[in-house]
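Reading through the structure tokens given below for one structure.
The values are calculated or read from the model by the stated rules, or taken from the named source; none is laboratory data. Just so it is clear, the structure is predicted and the values come from calculations on it, not from any experiment. Ideal geometry is used to build each Cβ from the backbone, glycine not excepted, and the neighbour counts take in all protein chains shown. To get the accessible areas, we keep the full protein, side chains included, count just its heavy atoms, and leave off ligands, DNA and RNA. Shrake-Rupley method; radii C 1.70, N 1.55, O 1.52, S 1.80 Å.
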Amino acid sequence: MRQVISSLGLVTAVGYDVISSAAALRAGIVRVRPIAGPTVYGDEEEAPLMGSPAWPLTEGFIQTAAWLRLAQVAVEGVIRFGQLPPAEDAFWGETGLVWALPELGERRFGWPEPETATALQRSCGDLLRKLTGLARGAVADEFILGGHAATALGLQRASRLLSERRCARVLLIAVDSWLDAISLQWLSDDRRLHSEELPTGLRPGEAAACLLVEDESAVQRRNATVAARLAGVEVARPSTAIDPDDAVRWRTGAVPEMAGHLDATVRAALGRMKTGATFSGDLVVDLNGESWRANAWGHARVRLTPVLESIREVVPATSLGDVGAASGALGVCIAARSWARGYALTNRALVCSTSDSGVVGTIALGAPGP
């Protein structure tokens, strides 16, 4: 059974819903403002650290509290966009909930691993239901801690839940924020924050994106519309775990392997499209200014030369900064809106992601037509 995306929700620095956010990104709007954080320098003087917050939505909220603020707006948006039943309706009792979240490393979060699942259920799943009135789903909430690759991992999990008929549909919530003091200090300590002094750093951002995943037959039965078709999702993992004490050197050394995995997952995703061995269309990538990620993608592009024909690279971080675990679902939203508004290059799209730990994901999408 073919699976589709039937509704979208999105909140970013440039819009509080999927329509305005996608339109702003299409127009090239950039929203940057000074944020509180570690000192950076320009022209040998202190300069303000710049970021892309969803201001003022998350002002005064950090980590899971910021995620909840963002997720609440995105969930309300997915209900509105798809003209879905209200949150308390039995419709949502048949819906599984999958969270695509950051990689909860010790240095950034300091959470004891044995307590992570319980803490996330309490601080994310249970609180979201209190804020939105969302009915408890047919299966327990699942939390995918995958960073940039979390959406690809989450869509794979959603596909299994639907194939096993454990729920009627899956709501995937991808959310992240780099803007709390601990995360910013971690980025600063690893020399990852963009400044005049470090032009190859990232600009911290935040976002939440929601995707409602269903079997196409179920969407047809309720006379709903399709936003995008899921052609396939491919994931590859690094052969060695990241060294948290020397992450910069580890990522630099892992570039060839990550490039190989990007090459392999793109080719595998194209195989699932069953429309030929080459690809033409929009290619949404999570480049964020960091050299290791650019090098991995550059090496992969060389490898992929025989299979990439007419493509257009879309780089959301140009407008939004790095939105972490929300980046993959954001890419899906951008592709879906490009078909709805008629500016897509072709009726196919790829969303490519590489997490900080080297996990690579490629999502193959098709336009909602027949």
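For the stretch 101-136, a residue qualifies if it is outside any helix (DSSP H, G or I), of a type in the set (Gly, Ala, Ser) and over 19 Å from residue 209 (Cα atoms), and the qualifying residues are 105, 110, 135. Of the helices (runs of 4 or more DSSP H) contained entirely in the stretch 277-349, those carrying at least 2 residues that are farther than 22 Å from residue 52 by Cβ and open to solvent by less than 10 Å² (accessible area, probe 1.4 Å) fall at 291-304. Please work out if residue 156 is more than 27 Å from residue 266 (Cα to Cα), open to solvent by 40 Å² or more (accessible area, probe 1.4 Å) and assigned to a helix (DSSP H, G or I). Taking the combined requirement at face value, the residue does not satisfy it. Can you tell me which residues in the stretch 1-34 are touching a residue at least 24 places away in the same chain (Cβ under 8 Å), closer than 25 Å to residue 195 by Cβ and basic (Lys, Arg)? Once the filter is applied, which keeps residues that are touching a residue at least 24 places away in the same chain (Cβ under 8 Å), closer than 25 Å to residue 195 by Cβ and basic (Lys, Arg), the stretch 1-34 yields only 31. Of the candidates 77, 37, 60, the single residue that is at pLDDT 95 or above and either open to solvent by 20 Å² or more (accessible area, probe 1.4 Å) or among the small types (Gly, Ala, Ser) (or both) is 77. The set of residues in the stretch 168-181 being surrounded by fewer than 20 Cβ atoms within 10 Å (Cβ to Cβ) and more than 30 Å from residue 34 (Cβ to Cβ) consists of 168 alone.
Might you check whether a residue that is at pLDDT 95 or above, among the aliphatic types (A, V, I, L, M), in a helix (DSSP H, G or I) and more than 24 Å from residue 341 (Cα to Cα) occurs anywhere in the stretch 238-256? For the stretch 238-256, residues at pLDDT 95 or above, among the aliphatic types (A, V, I, L, M), in a helix (DSSP H, G or I) and more than 24 Å from residue 341 (Cα to Cα): present.
For the stretch 80-108, a tally of residues being within 19 Å of the chain's Cα centre (by Cα) and open to solvent by less than 30 Å² (accessible area, probe 1.4 Å) returns 8.
All conditions but one from (1) open to solvent by less than 20 Å² (accessible area, probe 1.4 Å); (2) under 30 Å from residue 165 (Cβ atoms); (3) touching a Phe, Trp or Tyr at 6+ places or on another chain (Cβ under 9 Å); (4) not in a helix (DSSP H, G or I) apply to residue 51; the one that does not is (2). In summary, residue 221 fulfils each of the numbered conditions (1) more than 26 Å from residue 316 (Cα to Cα); (2) in contact (Cβ under 8 Å) with a residue 60 or more places away in the chain with the single exception of condition (2). Looking only at the stretch 350-370, residues that are part of a loop (DSSP other than H, G, I, E, B) and of a type in the set (Gly, Ala, Ser) come to 5 in all. When 347, 288 are checked against the criterion of being at pLDDT 95 or above and over 22 Å from residue 7 (Cα atoms), 288 stands alone in meeting it. Residues in the stretch 4-23: is at least one at pLDDT below 95, touching a Phe, Trp or Tyr at 6+ places or on another chain (Cβ under 8 Å), open to solvent by 10 Å² or more (accessible area, probe 1.4 Å) and of a type outside the set (D, E, K, R)? No, the conditions are met nowhere in the stretch 4-23. Say whether the condition of being touching a Ser or Thr at 6+ places or on another chain (Cβ under 6 Å) and modelled with pLDDT of 95 or more is met by at least one residue in the stretch 170-187. Checked against the condition, which is being touching a Ser or Thr at 6+ places or on another chain (Cβ under 6 Å) and modelled with pLDDT of 95 or more, the stretch 170-187 yields at least one hit.
Going by the structure shown, is residue 40 closer than 18 Å to residue 322 by Cα and not in a loop (DSSP other than H, G, I, E, B)? Criteria met by residue 40.
Looking only at residues in the stretch 120-146 that are buried (at least 16 other Cβ atoms within 10 Å of the Cβ) and small (Gly, Ala, Ser), the one that is nearest to the chain's Cα centre (by Cα) is 146. The one condition from (1) at pLDDT 95 or above; (2) part of a helix (DSSP H, G or I); (3) buried (at least 18 other Cβ atoms within 10 Å of the Cβ); (4) not hydroxyl-bearing (Ser, Thr, Tyr) that residue 229 does not meet is (2).
Selection of first residues in the stretch 81-94 that are touching a residue at least 40 places away in the same chain (Cβ under 8 Å) and of second residues that are open to solvent by 70 Å² or more (accessible area, probe 1.4 Å) and not in a loop (DSSP other than H, G, I, E, B), restricted to Cβ pairs under 6 Å at least 6 apart or on distinct chains, gives an empty result.
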